[in-house]
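The block underneath contains the structure these notes are about, expressed in structure tokens.
Read-outs: derived from the displayed coordinates by stated rules, not from any lab. Keep in mind the model is a prediction, meaning the values are calculated, not measured. Here the Cβ positions follow ideal geometry from the backbone for every residue, glycine too, while neighbour counts run over all protein chains shown.
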Amino acid sequence: MAGVVVGFAIIGAVILIGYVLGRAGVLGEHAPHVISRIVFFVLSPCLLFTVLADADVHRLFSSMLAVSAIAAALSCLLFAGIAVLVFRRSIPETVIGSIASGYVNANNIGIPVAVYVLGDTAYSAPVILLQLLVLAPIALTILDVTTSGSTSLRRVLAQPFTNPLIIGSALGVMVSVTGLEIPAAVMEPFRIIGAAAVPLVLLAFGMSLHGQRLLAPGSGRRDILLASAIKLAVMPVIAWALGDLVFGLDEEHLFAVVVLAGLPTAQNIFVFAQRYDRGVIVARDTVLLTTVGAVPVLVLVALLLA
């Protein structure tokens, strides 16, 4: 229980500092945009490369990965169906809301939670693998195609190979799978650069909250509430049902997979939304609501399954 609270308190403190910076205006009005670009193109690729390169290949490809994949896919599809058929949202806005419903914060929050609650950072690695090598390529390809104004088979096929997040993740998986031993002196620059990704994402997120009103009229409140409800309530239940009734996971791994499903929406969704200028408010508010709401959800999961 204490691990959940400590992990979220640390994250909340960094977001608060970002809010203070945004309120003071010491970095200028364009700072959030600049930070989001350096995180997207430089810092996050380095972080993901090192995290996945160090991961145990047997843990990466396991039944936990299958449970996480199905739970994420069903959560995304549930939002997409309602957004398109009921809310009549455009494709880019639907994509942002969908991944906000099923794309968990397996890195910024998942790694601290894995340390303090699950006792092993490797538990978050399969989810990071799934999201960066499957969910992110699909979402980013659709966003790229639907916001660029032009579509071609060559552009669709090339997109995963030009996205820095996907490239960094793929290289990390290759190192893990092949068992390649990279000298520490070569890896250290990537570790140093990647270490800046998490605090800068949290600072940029905090800065974006200044002058904004949560769930303001016209901000897409229905989308925000739907995505938050699916993320916090539906996805953990799906993960539990699959892990217990379908895959027969033992108690330890069932607890881990449900905890990971109960994590809040990743700040990366906010970065994606800013990058393509679609669904920015929906992404921001969903990240904030689920980050706050995940604390009681994870405490409840721990009480029931730990």
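A cut-off under 15 angstrom between Cβ atoms defines the neighbours of ILE182, and their net charge, with Lys, Arg +1 and Asp, Glu -1, is -2.
Here the Karplus relation 6.51 cos²θ - 1.76 cosθ + 1.60, evaluated at θ = phi - 60°, turns the backbone of the stretch 69-76 into coupling constants of 5, 5, 4, 5, 5, 5, 5, 5 Hz, with x for every Gly and Pro. Its alpha carbons give the stretch 21-113 an Rg and a Dmax of 17.5, 48 Å. By definition, a body whose alpha carbon gyration tensor gives a ≥ b ≥ c is oblate when a/c is 1.5 or more and a/b is not larger than b/c, and the stretch 171-306 fits this oblate description. The 3J(HN,Hα) values that the Karplus relation (6.51, -1.76, 1.60; θ = phi - 60°) gives for the stretch 131-138 are, in residue order, 6, 7, 9, 10, 5, 4, x, 5 Hz. Gly and Pro appear as x. Just so you know, the Cα atoms of the stretch 178-248 work out to an Rg and Dmax of 20.3, 54 Å. By the count of other C-beta atoms within 10 Å, a proxy for reagent exposure, ARG284, ARG213, ARG23 are ordered fewest to most as ARG213, ARG23, ARG284. Residues whose amide H falls under 5 Å from that of LEU215, counting only those 5 or more places apart or on a different chain, are absent, with hydrogens built in the peptide plane.
Largest mean-square fluctuation among GLY248, GLY279, GLY18, in a Gaussian network model of the chain whose springs join Cα atoms under 10 Å apart, belongs to GLY248. Which residue fluctuates the most in the chain, going by a Gaussian network model with Cα springs under 10 Å, if the choices are PRO183, PRO126, PRO45? Among PRO183, PRO126, PRO45, the largest mean-square fluctuation in the Gaussian network model of the chain belongs to PRO183.
Please give the calculated 222 nm ellipticity per residue for the chain, where each DSSP H segment of at least 4 residues contributes -39500 (n - 2.57) and the sum is spread over every residue; nearest 500 deg cm²/dmol? Mean residue ellipticity at 222 nm (helix-derived): -22000 deg cm²/dmol.
In order along the stretch 81-98, phi translates into HN-Hα couplings of x, 5, 5, 7, 7, 9, 7, 6, 7, 6, 4, x, 5, 5, 5, 4, x, 5 Hz, rounded to whole numbers, per the Karplus curve 6.51 cos²θ - 1.76 cosθ + 1.60 with θ = phi - 60° and x for Gly and Pro. Counting beta carbons within 10 Å around each of SER63, SER101, SER36, SER68 and listing the fewest first gives the order SER63, SER36, SER68, SER101. In the stretch 65-105, the alpha-carbon atoms span a convex hull of 52 Å³ per residue. Legend: calculated FRET efficiency, VAL292 to ASP54, from the Cβ-Cβ distance at R0 = 45 Å, rounded to 0.05, equals 0.90.
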